[in-house]
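Chemist: After the structure tokens below, expect a handful of questions from me.
Computed from the coordinates by the stated procedures, all read-outs in this text should not be read as laboratory data. Everything numeric here is computed off the predicted structure, so don't read it as measured data. Cβ placement follows ideal geometry from the backbone for every residue including glycine, while neighbour counts extend to all protein chains displayed.
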Amino acid sequence: MKAGVITFPGSNCDRDIQTILRDFFSVPTDMLWHGDSIQSSYDLLVVPGGFSYGDYLRAGAIARFAPAMRDLLNHASRGGPVLGICNGFQILCEAQLLPGALIRNENLKHVCRDVSLRANPGNQVFGKIADELSIPVSHGEGNYRADQETLARLNGENLVAFRYLDNPNGSLEDIAGITSPGGRIIGMMPHPERATDPANGKIQGKVILESILNHISTAKVA
């Protein structure tokens, strides 16, 4: 398995996820510059957290037009797996790879703390995670919004990945992350890469990343 992480001006979690994938899961992981085309083939492309282009206009609105994103869209159209974390989730929604939008937190303040999550037991990627998880968040625009038709589809098809138990941002139905049908595209606001290395004092994010990599591996075999 091989992964690539797209770096934008303002990304600040790109090296984090590269290090975690490489050192804790033995996944060779390249750093990919937003302004370049993606030349190699990857089993997983990651859109990391941060503040791409300074979150001007709105979070993710400019990043979606980066040259590397054109190749990511082609990768996704071929069924290639994509993971968006925090700002990455915002970018995937702006690029219409995932439905809905992330807007300003309900209290209009940046939230940076550990939150409690529970996986949706029916979700194809994360449904086997039974334990409550404590995972860090750090965002000003994590308030998930979608129309009633979209929410009904997310619920009906078990595309909600995680729900907050202590909603930090006002997201509808406590949604913390979603997946596409088939689980090939994943977006979530919490940062599992910040809760995998024991040196950080948190390891519950490891099961999230394990679930993603296992799902990719299983899908490739199938």
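Chemist: Does the stretch 111-188 come out rounded, prolate or oblate, given a ≥ b ≥ c as the square roots of the eigenvalues of its C-alpha gyration tensor, rounded meaning a/c under 1.5 and, failing that, prolate meaning a/b above b/c? Walk me through the intermediate numbers first.
Modeler: Values: a/c = 1.89, a/b = 1.23, b/c = 1.53.
Since a/c reaches 1.5 but b/c is at least a/b, the shape of the stretch 111-188 is classed as oblate.
Chemist: Test of understanding: ordering SER180, SER171 by Cβ neighbours within 10 Å, fewest first, what list do you get?
Modeler: SER180, SER171
Chemist: How large is Rg over Rh for the chain, taking Rg from the Cα atoms and Rh as the Kirkwood inverse mean of 1/r across Cα pairs?
Modeler: 0.92
Chemist: Can you find, among ALA176, MET1, ALA161, the residue sitting farthest towards the positive end of the charge dipole of the chain, where Lys and Arg contribute +1 and Asp and Glu -1 at Cβ?
Modeler: In the chain, that residue is MET1.
Chemist: Quote to one decimal, in nm, the extra length available between CYS112 and ASP36 on full extension: 0.36 nm per residue of separation minus the C-alpha distance between them. Provide the component values of the computation, followed by the final result.
Modeler: On the way: separation 76, 0.36 × 76 = 27.36 nm, distance 3.16 nm.
Length difference between fully extended and current span is 24.2 nm.
Chemist: Using the Kirkwood radius built from alpha carbon pairs, what does the Stokes-Einstein equation give as D for the stretch 42-93 at 10 °C and 1.306 mPa s, in µm² per second?
Modeler: Details: Rh = 11.0 Å.
The estimated diffusion coefficient comes to 145 µm²/s.
Chemist: Okay, next question. Going 7 Å from the Cα of ALA219 toward and past its Cβ, which residues in the stretch 60-85 have a backbone nitrogen under 20 Å from where you end up?
Modeler: Answer for this model: 69-85.
Chemist: Taking the Cα centre as origin and putting +1 on Lys and Arg beta-carbons and -1 on Asp and Glu beta-carbons, what dipole magnitude results for the stretch 104-192, to the nearest 20 debye?
Modeler: 180 debye
Chemist: Also, I was wondering about something else. Hey, what's the per residue convex hull volume over the C-alpha atoms of the stretch 101-144, in cubic angstrom?
Modeler: Working: hull volume 3.6 nm³, N = 44.
That works out to 83 Å³ per residue.
Chemist: Could I ask something else about it? Below 27 Å Cα-Cα, how many Lys pairs turn up in the chain? Only count pairs eight or more apart in sequence, or on different chains, if you could.
Modeler: 9
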